[in-house]
Amino acid sequence: MQTSEQPRSGHVVIGVDTHKHVHVAAVMDTIGGILDPLTIPTDTGGFQQLTDWAGSFGNILAFGIEGTGSYGATLTSFLRRAGYKVAEAGRPDRRLRRMNGKSDTLDAENAARAQAVEQRAAAMVTIKAMLVHASDALRRETAGKTQISLARQLAALLPRHLEGPEDALRHTLRTLAKRWQYLDAEAKGLTKMIGDLVQRVAPQLLEPFGIGVDTAAEILVVTGDNPERITSEAALAKLAGIAPVSTGSGMTGGRHRINHGGHRQLNAAIYRTVIVRMRFHQPTIDYVLRHTAEGKTKREIIRCLRRYVMREVYHLLRPAPRTASAAS
């Protein structure tokens, strides 16, 4: 009996989460998504194992490495000497890493996704810059198109003999468009994979109004595999940079602002959740109207709503105590 294989493009990006003694890598195909994780020692043998393993999946577009100037410096040097493209992948604050039980594999996958998204954006910027020099006819045909439609049209350009600048431009646009399509499929595939992961690990996070897959994923990245380390709702709010800080002085009192520390990606995700609720969630709309009438500013109301969302999230991350309480 034949079994269906995962589709592959033969082009891969490697994300690496670096540590002192071991590195964790994930390989992502541009249309097949995450294919496999790998843990290697931080020595020459481990680095060679990484490149051999990565090369077995196809043409390596780039390595996205967390900490190219610290734990990833030696690996970065090894890869660049071997002729590979290496880019710094965004890494979470080290203070957050100490406070939570993060998933190294998820971090590696996020590094690969960041590379794919960054390269997709760069490809589209280059396409649009080159279209400025295209013929009037081609510029008219591509004007006003969405990125997907633009890439689809340019990828279908018929190749010509290289007899002039216009031919060279068409070849380049066709190549870049196909590259964008690969990277777009990669990003969408990874988004679906993250959605499946959230559904499997913590589906309850998707129950409240306005909390989507992206926000739930950020919550899981911050809290890690051991959410019990976060012992209070206030601690989670501080971790997300949503804890109030007094701004009172000798002349004023009772005023607060949000602490600007914490995990900025989760902070932004919670903010988006609040804005969605303020527009489409009737209980939240009523709350805003009521407190606006009491004289609160929009900023103060949003601050309160963000803290309320964190309170919701905290209890959703600790389902066992809630279940026990309900049973009693």
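The values are calculated or read from the model by the stated rules, or taken from the named source; none is laboratory data. Predicted model only: the values in this text are computed from it and were never measured. With ideal geometry, Cβ positions are generated from the backbone for all residues, glycine too; neighbour counts draw on all protein chains shown. Ligands, DNA and RNA are stripped out before the accessible areas are found, and what is left, the full protein with its side chains, is counted by its heavy atoms. Shrake-Rupley method; radii C 1.70, N 1.55, O 1.52, S 1.80 Å.
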Using r as the Cβ-Cβ distance of residue 125 and residue 22, and R0 as 35 Å, what FRET efficiency do you calculate, to the nearest 0.05? 0.45
Mind giving me the FRET efficiency for residue 140 and residue 191? R0 is 41 Å, r the Cβ-Cβ distance, nearest 0.05 is fine. 0.80
For a quick check of understanding: with a 1.4 angstrom probe and all protein chains in place, what accessible area in square angstrom does residue 239 have, to the nearest ten? 10
Accessible area, probe 1.4 Å, largest first, for residues 47, 78, 280: 280, 78, 47
Straight-line reach check, residue 238, cutoff 29 Å on alpha carbons, 8 or more apart in-chain or any other chain, hits among lysines -> 20, 102, 296, 298
Between residue 272 and residue 157, what length in nm is gained on full extension when 0.36 nm per residue of separation is reduced by their alpha carbon distance? 37.5 nm
Report, ordered by chain and residue number, the lysines lying within cross-link reach of residue 178, taken as a straight Cα distance under 26 Å and ignoring same-chain residues fewer than 8 apart. 85, 128, 145, 188, 192
Can you order the peptides 59-70, 189-200 by their average number of other Cβ atoms within 10 Å per residue, highest first? 59-70, 189-200
